[in-house]
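Take a look at the structure set out below.
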2 protein chains.
Amino acid sequence: MHPADNVAIVANTGGLPSGSVTPDGLTLLERIPQGHKVALGDIARGQEIRRYDVSIGTASHDLPAGSWINEERLTLPPAPGMNRLPIATRAAPLTRKPRPATFLGYRNPDGSVGTRNLLGITSTVQCVSGILAYAVARIRAELLPKYPNVDGVLAHDHTYGCGVAIDSQDAEIPIRTLRNIAANPNFGGALMAVSLGCEKLQPSRLFPERDPLDLVRFQDERNSGFDAIVTDIMARAENHLQRLNQRERQPTRVSELVVGMQCGGSDAFSGVTANPALGVASDMIVASGGTTLFSEVTEVRDGIEQLTARAISSDVARDLIDWLAWYDLYLARGGVDRSANTTPGNRAGGLSNIREKAMGSIIKSGSAPIAGVVAPGARAERRGLLFAATPASDFTCGTLQLAAGATVHVFTTGRGTPYSLEAMPTLKISTRSDLARRWHDLIDIDAGPVAEGNVSLEEMGQIIFDQILATASGQRTWAERHGIHNSLALFNPAPVT
Amino acid sequence: MHPADNVAIVANTGGLPSGSVTPDGLTLLERIPQGHKVALGDIARGQEIRRYDVSIGTASHDLPAGSWINEERLTLPPAPGMNRLPIATRAAPLTRKPRPATFLGYRNPDGSVGTRNLLGITSTVQCVSGILAYAVARIRAELLPKYPNVDGVLAHDHTYGCGVAIDSQDAEIPIRTLRNIAANPNFGGALMAVSLGCEKLQPSRLFPERDPLDLVRFQDERNSGFDAIVTDIMARAENHLQRLNQRERQPTRVSELVVGMQCGGSDAFSGVTANPALGVASDMIVASGGTTLFSEVTEVRDGIEQLTARAISSDVARDLIDWLAWYDLYLARGGVDRSANTTPGNRAGGLSNIREKAMGSIIKSGSAPIAGVVAPGARAERRGLLFAATPASDFTCGTLQLAAGATVHVFTTGRGTPYSLEAMPTLKISTRSDLARRWHDLIDIDAGPVAEGNVSLEEMGQIIFDQILATASGQRTWAERHGIHNSLALFNPAPVT
């Protein structure tokens, strides 16, 4: 990855057997699996192991050239401190030219632009979700066929709203998440809510600025049971469908695009192929005035000095530090730390620890300056490359990027995951070609050719950029074609009661 | 509720206007809503306000006879201490005779008995849930009609499995919850799981004693994409359907029944009609050798002295104290306390604070001695009346009672909630007749006639007991007839990462 590195990874499918000799003359001392690291020279116990030109830990014993370097042979360094960090030292504007490209989007009354034309129905509390799901199924079957310009109807299902410590300071996170999901540009400015009546999360608290609210409240006197409630939900939904059906896609500049970027089921190729290529695509979008979000606090915590250096101002650097410190405390309160990240699959894929994983994760943010920080559940208020301070958990991160206003989701994966959301198209990029071949009807873009040297990162970035625009314009992802999607997962740091 | 009380509640639908005179000659000084409390005599500032023969707080100013007593006029007492509690002082066995009744259940290989014949499919991680939901929909449409003795197919969907602090001590709670839900008697001893491959919650950790496990792992080399994965899930499911379809209901003694009891959307009638009647039914089941579970830690915390007194032994009392103390700490860690319970609907319904709510909640446990405590997510290991130490959140409590092995769920409600689970029939009991009339196609049993003096608690208890047995034998609840149900909500006290 860098001339100063003392390790490299085995790119060959299936790995390489002991005794293999590389073109540079290095002999492998043992079998090394694909994606795993090999010592390029002799590394003494205690010496730094460098990848991406940063230390990813120290050798836990002497490792001769050609040794396999895995999590047991590498000591995780302590988390970087939060003082004396470089502030805005590497925040030069991109020199890339804006792209002339446009996409076909749905313009909303508030000026935002959606990539899909969906009716979203918010529930204040999980109690209502059984009846709401029933009503949504009937809306899909009985009403949607009459409104062919509407892409779909969905309930923002969640397990929040009651039985929670709603007066806890942290309760604002799940509450604003729900509020901002309802306001996502893919829902066309329509707001429809379903409430039980006695729940803690009252509609007036969820939507304080929306009065009157288009609301079905089950406990209202006029709601005389199941049939009446379902009929009420369907009638209100049809009003929205009639309006949404009038809308048409219009040519839109890339500056109106908000792209959520995420990785999941990562391997050692994530930082070599899919993530840096996505970083190039992100730079193209940002250079064209658009917005990209990267996230996953526990996966960037170990590279905090890179983030503060790329912050566009000391205020943005301060926001970054504050949110990373907030997460340190949140994890400590639960008796864990950032080493709780890395999964069995990460390690099997060659990622030895969270420091190494962090370097491969951050690289998908490209090289643009970091123009702002979005608090968990908040909506992005400015353009450019933004850090959305969310957990690394795929489902939680996706839910919070949706709340931040993302209208296209790009998800890179090394091990393979079918993760996707219903509310925004999720483009899946594989880090390796064998995954893309095997999962031919799940992976939308194969970044594997970068590892084989057939395609440059710049070329792959252009492919991803083009696919993002095509998807934003209505091209369906594999997940959309199959009709598969994951549930929302609200981030609630406060207790259940 | 008790001769020593200095308050009573207004039972009349719509409440009573100022100036109303009760049969005892008490004149109301102001309008008092239905379910709300009235001072039966003059109460001086600082004097105890007693309901159910316990203090529910002190008067915050002088309250003449006929005054409305609500949450603003009542000061919540501090939580009872955990030392010097009465231990097993009121744990006499029930004097009730066992009932000769039986129900028609499905006997399982491990000796447990289910009330439904369901195929449940466990997922180790949320990543797989989109494809799994797609496969389940196809199983229902294409396979289930061929196996008419099988009641249904469902995925145990959840947001756990990765992106969580799985090495935290508290992680055992959500993990054993998933494990024990799969083992619920309503799933006929079949175990089928779906895994991604790289997730933190590996199948071998979720089911350490099940090897080989009937497992579809998406990342296995042989799974060449979406179609292949769906085909694999459907083929394995059909094997289970063939076996489950051979089963028949058999007459079964009440001693094999496990009933989860819960209340939600409570009002001041909860403690007068539905909950004490359910307590009678619980006593009937326990006297017949069966098992009932009551729960909702924050709703019993204020009556801890009643629970320890009813504990069958000092060991059981110690378990009770330990779990209630664990919750005190859990809430304190999040910066809140048990006063986070009571909802806007509770207060509108006349429940002034958590102490008053607690008294009405505990009463559904009847008068049997408490034979044991079930830790959150654990399976009940003995018979009799058990305290399952779960949060009061309806969805979380229901999920944990399912894990504890409940096969019928009984849910009392005053304000009205359509809550139900897919994995066990949920009988809903209203506290008031006007709710039962209005929600005529959601409420299964109306306990309102108790308040009107037309039906005794003993008679209503018998009605509930009979309905539990009929439901256990296959009679469908309203929710089952409509096909509505809520999602599972795992209790995860550990951080998301």
Around A:Leu118, under 10 Å between beta carbons, what's the net of Lys plus Arg minus Asp minus Glu among the other residues? -1
Once the label point is set 7 Å along the Cα-to-beta-carbon vector, what list of distances in nm do you get between A:Arg96 and its counterparts in the other copies? 7.1
Net charge near B:His61 (other residues with Cβ under 13 Å of its Cβ; Lys, Arg +1; Asp, Glu -1) is -1
Helix A:457-472 sits at what angle to the longest principal axis of chain A, using alpha carbons and giving 0 to 90 degrees rounded to 10? 10
Between segment B:30-56 and segment A:118-162, what's the alpha-carbon centroid distance in Å? 44
So if I take the centroid of the Cα atoms in segment B:354-383 and the same for segment B:404-482, what is the distance between those two points in Å? 19
List the accessible area buried at the contact between A and B, summed over both sides and calculated with a 1.4 Å probe, in Å² to the nearest 100. 5200
Would you mind putting B:298-304, B:107-113, B:23-29 in packing order, based on average other-beta-carbon counts within 10 Å, highest first? B:298-304, B:107-113, B:23-29
By average Cβ neighbour count within 10 Å, what is the ranking of B:437-449, A:41-53, A:279-291, A:356-368 from highest down? A:356-368, A:279-291, B:437-449, A:41-53
If you count only protein heavy atoms with a 1.4 Å probe, what accessible area per residue comes out for the protein assembly as shown, rounded to a whole Å²? 34
Which order do peptides B:121-134, B:261-274 fall in by mean Cβ count within 10 Å, highest first? B:261-274, B:121-134
Looking along the axis that carries chain B onto chain A, the residue of B whose Cβ comes nearest, with distance in whole Å, is B:Arg333, 3
Over chain B, what percent of the accessible surface lies on carbon and sulfur atoms, probe 1.4 Å? 49
Note on segment B:483-497: residues buried by at least 30 Å² of accessible area once partner chains are added (vs chain on its own, 1.4 Å probe) come out as B:Ile484, B:Asn486, B:Ser487, B:Pro495, B:Val496, B:Thr497
If one takes the longest principal axis of the Cα atoms in chain B, at what angle in degrees, from 0 to 90 and to the nearest 10, does the Cα axis of helix B:314-333 lie? 90
Need one value for A:394-406: mean number of C-beta atoms belonging to other chains within 10 Å of its residues' C-beta atoms. 2
Determine the relative contact order of chain B: mean sequence separation of Cα pairs under 8 Å and six or more apart, normalised by residue count, in whole percent. 19
0 to 90° range, to nearest 10: angle between helix B:226-244 axis and chain B longest Cα axis: 70
Inter-copy separations for A:Asp24, label at 7 Å along Cα-Cβ, nm, ascending: 9.1
Rounded to the nearest 5, what is the percent of antiparallel bridges among the DSSP beta bridges in the protein assembly as shown? 35
Residues of segment A:178-208 buried by at least 10 Å² on assembly (accessible area, 1.4 Å probe, chain alone as reference): A:Leu196, A:Cys198, A:Lys200, A:Gln202
Using helices alone, I'd like the mean residue ellipticity at 222 nm for the protein assembly as shown: each DSSP H run of four-plus residues gives -39500 (n - 2.57), total over residue count, nearest 500. -8500 deg cm²/dmol
Relative contact order (%) - criterion: Cα under 8 Å, at least six apart; region: segment B:260-358: 40
Please check segment B:319-345 for residues whose accessible area, probe 1.4 Å, is lower by 10 Å² or more when all protein chains are in place than in their chain alone. B:Tyr330, B:Leu331, B:Arg333, B:Gly334, B:Val336, B:Ala340, B:Asn341, B:Thr343, B:Pro344, B:Gly345
Sort shortest first the distances from B:Asn12 to its counterpart in every other copy, using label points 7 Å along the Cα-to-beta-carbon line, and give them in nm. 9.1
Among the listed pairs A:Lys37/A:Lys364; B:Lys146/B:Lys364; A:Lys97/A:Lys364; A:Lys200/B:Lys37; A:Lys146/B:Lys146, which have their C-alpha atoms separated by more than 30 angstrom in this model? B:Lys146/B:Lys364; A:Lys146/B:Lys146
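The values are calculated or read from the model by the stated rules, or taken from the named source; none is laboratory data. This one's a predicted model, so the numbers in the text were calculated from it and none came from an experiment. Virtual Cβ from ideal backbone geometry, glycine too; neighbours counted across all protein chains shown. Accessible surface is based on the protein model in full, side chains and every heavy atom, while ligands, DNA and RNA are left aside. Shrake-Rupley method; radii C 1.70, N 1.55, O 1.52, S 1.80 Å.
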